[in-house]
2 protein chains.
Amino acid sequence: MRFWILGVGAIGSAYLAFLTRAGHDAVGLVRRNPVSEISVSGIWGSFSVPVRTFTKPEEIPFGPDVLILSVKSYDTKEALLSVRDFIPKETLIMVAQNGYGNYETALELFPENPVILSRVIFGAKREKPGSVRITVCADDVVIGDPRGKIPASFLEELAKLFSSAGIPTRHSPDVYKYLIDKLVYNSALNPLGALFEKTYGELAENPKTRELMNEVIKEIFLVIKERNLPSFFKSAEDYTKVFYEKLIPPTASHYPSMLEDIRKGKTEIDALNGAVVRLAHEAGLRVPTNELITRMVKAKELFNLKDAQESLLR
Amino acid sequence: MRFWILGVGAIGSAYLAFLTRAGHDAVGLVRRNPVSEISVSGIWGSFSVPVRTFTKPEEIPFGPDVLILSVKSYDTKEALLSVRDFIPKETLIMVAQNGYGNYETALELFPENPVILSRVIFGAKREKPGSVRITVCADDVVIGDPRGKIPASFLEELAKLFSSAGIPTRHSPDVYKYLIDKLVYNSALNPLGALFEKTYGELAENPKTRELMNEVIKEIFLVIKERNLPSFFKSAEDYTKVFYEKLIPPTASHYPSMLEDIRKGKTEIDALNGAVVRLAHEAGLRVPTNELITRMVKAKELFNLKDAQESLLR
């Protein structure tokens, strides 16, 4: 199968490197800074592999069977529009991003294509273009078709292909539940970790950030209920228990990637707490904690963006 | 007149130094670290003066005509209780603190004494015990008796005494309005300055922190209206205009003192946004922005307190 990987950040670099190493035709599409080699390090071993990346889709010598969408969520729409003319309606689009709204955007822009969702929950850090470290893996990548149009057998095969290439993956028709539950996790932890510059474990230990996270989770479950979003959890209480007892301990020493992002002045907050706010407002609900946290993150983005621009000018 | 100054932080150090230099009988009461000299620097000139400070009220050789209350607002109750047995009912109590609640606590603990309120709006920074720098003076100190029991002529004289000693002061029966308007100012600027570690000017320039401050102000004016608190401003809109056009520009380069405080793990948030939250809840109002900002400040206090304690243990 031939892969186009749209966005070669941390996750995109991992897909490009592992698929290329496994002998698949895979190319990366980047806005700038093409790379010709990727070095992988971390928990899945170390290797370097020559890769092909392009800045213009018209230069890629083959069309894609699978388009893996791995740009930051604030770039989803623009990135998909930039390749739309080159994507036949048979191409499978695989959304491999964090948060809410990317899958919905892909469906809207590619109404005829098969679109699958994935819940990516391994941690990757792009140390510089062409260098990625796999830091942690909480669970397999889960892929699936929330609309149920694509045969399960095909998705099982695709999962096997990724697993054989070195990225543990399984198929589940419940992929949307996995995504929403990860949205809850990220919305509770990432913005506070980025605002206070603290690890997940530190956020859970401080009774005041714990109160804030409990509020975030409570509000999101109101939205889940009101908007009929899928989740493996029946209530905020059920989720919160698992959150502190099972989910945080293995990642207690980790900082959210949003901390790196906020330092550069741009985060995926609009696909996390910002999306919760939009979903709530459309249903006439108020989610004041998510609202304020979204605003605080945007305020800090702006301060840091200004600092970053000023340091470029010096 | 004989003065006891309860709390020799930045403001208390200034009162103790200026009153002593002017030849008044003034002593400071401190919990620990008595000092025998205070050096003053900054916009009101530089001088050093020998002073008397005590850790126990029973050791002070004279009783007070005036007790100036200048501890941090979270220590008000404990500090007043510690001197109550030594304060005759004729002693004038002068509340010289930030925020809401200190005057009310003084009235409650000293129901028979004359109690005056003051709005202190010069900036002082205690660089170490015995050393204070006067950084800025936005307006005279305003003193007054919100209950109107104390003759205006006496308060005029007292104001003159402070002014002659070097701390520009005037009397106004509207002192409570001054205090509440300063509460609005501090509640809008201080917590965000402490959370983001930014100056007043930077907070006003960033459209996202501006939105947050506008919300804080809007909510406080709801509380002002509902609780019949006095203010020179008719509405949040009137206040907001003056806030950005007149109040911030001269102090644009200043960081709030709450930034120093939050680094040490303890702030006066409960006399500012925290007091707004209490006043709102008692009246059945919701002030979600003030609530969340209060929680964020308390979360950061706890993180920093823990860091400070750990660094002491090392």
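The values are calculated or read from the model by the stated rules, or taken from the named source; none is laboratory data. A quick note: this is a predicted structure, and the numbers were derived from the prediction, not measured. All Cβ positions, glycine included, derive from the backbone under ideal geometry; neighbour counts span all protein chains shown. All accessible areas refer to the heavy atoms of the entire protein, side chains included, with ligands and DNA or RNA removed. Shrake-Rupley method; radii C 1.70, N 1.55, O 1.52, S 1.80 Å.
Computed about the Cα centre, the dipole magnitude for the stretch B:177-313 is approximately 200 debye when only Lys and Arg (+1) and Asp and Glu (-1) carry charge, each at its Cβ.
Computed FRET efficiency, Cβ-Cβ of A:Phe232 and B:Asn228, R0 45 Å: what is it to the nearest 0.05? If you can, show how the numbers build up before the last one.
Details: r = 51 Å, r/R0 = 1.12.
With a Förster radius of 45 Å, E is 0.35.
Our summary of shape: the Cα atoms of the protein assembly as shown have principal axis extents of 92, 45, 44 Å, ordered from largest down, in whole angstrom.
Of the residues A:Ser48, A:Pro114, A:Leu6, the one whose Cα sits farthest toward the positive end of the charge dipole of the stretch A:2-173, with +1 on the Cβ of Lys and Arg and -1 on the Cβ of Asp and Glu, is A:Ser48. Across the copies of the chain, A:Phe47 has label points (7 Å from Cα along Cα→Cβ) spaced 8.0 nm apart, shortest distance listed first.
Taking amide H atoms as placed 1.01 Å from N in the peptide plane, the amide H of A:Ile38 lies under 5 Å from those of A:Val49, A:Val51, each 5 or more residues away in sequence or on another chain.
Each Lys or Arg adds one and each Asp or Glu subtracts one; over the other residues with Cβ under 12 Å from the Cβ of B:Lys77, this totals -3.
With both labels modelled 7 Å from their Cα along Cα-to-Cβ, the B:Gln309 to B:Lys246 distance reads 4.6 nm.
About its Cα centre, how strong a charge dipole does chain A have in debye, to the nearest 20, once Lys and Arg get +1 and Asp and Glu get -1 at the Cβ? Could the numbers behind the result be given before it?
Working: 40 positive and 39 negative charges, 95 e Å.
It comes to approximately 460 debye.
Think of chain A as having a plus end and a minus end, set by charges on the Cβ of Lys, Arg, Asp and Glu; of A:Phe243, A:His254, A:Ile217, A:His254 sits farthest toward the positive end of this dipole. With each label modelled as a point 7 angstrom along the Cα→C-beta vector, the B:Glu260-A:Lys149 pair spans 6.4 nm. On the principal axes of its alpha carbon atoms, the stretch A:1-104 extends 35, 31, 25 Å, with the longest extent given first. Backbone amide hydrogens, once placed in the peptide plane, bring A:Ile116 within less than 5 Å of A:Ile93, A:Met94, A:Val95, excluding anything fewer than 5 places away on its chain.
How about the stretch A:137-213: which GluC sites (Glu not before Pro) there lie in a loop by DSSP and see at most 16 other Cβ atoms within 10 Å?
Values: sites: A:Glu156, A:Glu157, A:Glu197, A:Glu202, A:Glu205, A:Glu211; in loops: A:Glu197.
Here the GluC sites (Glu not before Pro) that fit, given the DSSP loop and packing criteria, are A:Glu197.
Simple rule: put +1 on each Lys or Arg Cβ and -1 on each Asp or Glu Cβ in the stretch B:2-173, find the dipole, and look at B:Asn33, B:Phe162, B:Ile143; the Cα lying farthest toward the positive end is B:Asn33. First measure r as the distance between the Cβ atoms of A:Lys128 and B:Ser172, then evaluate 1/(1 + (r/R0)^6) with R0 = 45 Å and state the FRET efficiency to the nearest 0.05. E(calc), rounded to 0.05, equals 0.15.
Per residue, the convex hull spanned by the alpha carbons of the stretch A:98-141 comes to 106 Å³.
Let me make sure I get this right: for chain A, a, b and c are the square roots of the gyration tensor eigenvalues over alpha carbons, sorted descending. Under 1.5 in a/c it's rounded, otherwise prolate if a/b > b/c, else oblate. Which is it? Intermediate results must be reported in sequence, preceding the final value.
Details: a/c = 1.55, a/b = 1.31, b/c = 1.18.
In terms of gyration-tensor shape, prolate.
On full extension, the segment bounded by A:Asn113 and A:Thr135 gains 4.6 nm, given 0.36 nm per residue less the C-alpha separation. Sorted from shortest to longest, the distances between the A:Ala152 label points of this copy and the other copies are 8.7 nm, with each point 7 Å from Cα along the line through the beta carbon. Once the C-beta distance of B:Ser82 and A:Asn33 is scaled by a Förster radius of 51 Å, the resulting FRET efficiency is 0.20 to the nearest 0.05.
Probe radius 1.4 Å, ligands and nucleic acids left out: can you give me the accessible area buried at the A-B interface, summed over both chains, in Å² to the nearest hundred? Intermediate values should be presented prior to the final figure.
On the way: alone 14700 and 14660 Å², together 26990 Å².
About 2400 Å² of accessible surface is lost on pairing.
Across peptide B:296-309, the mean count of Cβ atoms from other chains lying within 10 Å of each residue's own Cβ comes to 4. For the stretch B:35-137, applying the loop criterion from DSSP together with a ceiling of 14 other beta carbons within 10 Å to the trypsin sites (Lys or Arg not before Pro) yields B:Lys89. Only helices reaching 27 angstrom along their own axis (Cα) with mean Kyte-Doolittle hydropathy no lower than -1.0 count here, and for the DSSP H runs of chain A these are A:175-196, A:207-226, A:288-313. Here the Karplus curve 6.51 cos²θ - 1.76 cosθ + 1.60, taken at θ = phi - 60°, turns the phi angles of the stretch B:65-72 into couplings of 7, 10, 10, 8, 8, 9, 7, 4 Hz, with x standing for Gly and Pro. Close amide H partners of A:Arg2, meaning residues 5 or more places away or on another chain with modelled amide H under 5 Å apart, are A:Asp65, A:Val66.
Within the stretch A:3-42, name every residue whose backbone N is under 17 Å away from a label modeled 7 Å from Cα of A:Lys56 along the Cβ vector. Within reach of a label on A:Lys56: A:28-35. Evaluated with a Cβ-only charge set (Lys, Arg +1; Asp, Glu -1), the protein assembly as shown carries a dipole of roughly 660 debye about its Cα centre, given to the nearest 20. If you run the Gaussian network model on chain A, springs between alpha carbon atoms under 10 Å, then out of A:Val175, A:Val49, A:Val277 the most flexible one is A:Val49. Among the residues of A:208-215, the average count of other protein chain beta-carbon atoms within 10 Å of the residue beta-carbon is 4. With the label put 7 angstrom out from Cα along the Cα-to-Cβ vector, A:Ser235 ends up 4.4 nm from the copy partners, going from closest to farthest.
When you work out D = kT/(6 pi eta Rh) for the stretch B:194-314 at 37 °C and 0.692 mPa s, using the Kirkwood radius from C-alpha pairs as Rh and the Stokes-Einstein form, the result is 211 µm²/s.
When only C-alpha pairs under 8 Å and at least 6 residues apart count, what is the relative contact order of the stretch B:1-62, in percent? Before the final figure, lay out each step's value.
On the way: 99 pairs, mean separation 19.7, N = 62.
Value for the stretch B:1-62: 32 percent.
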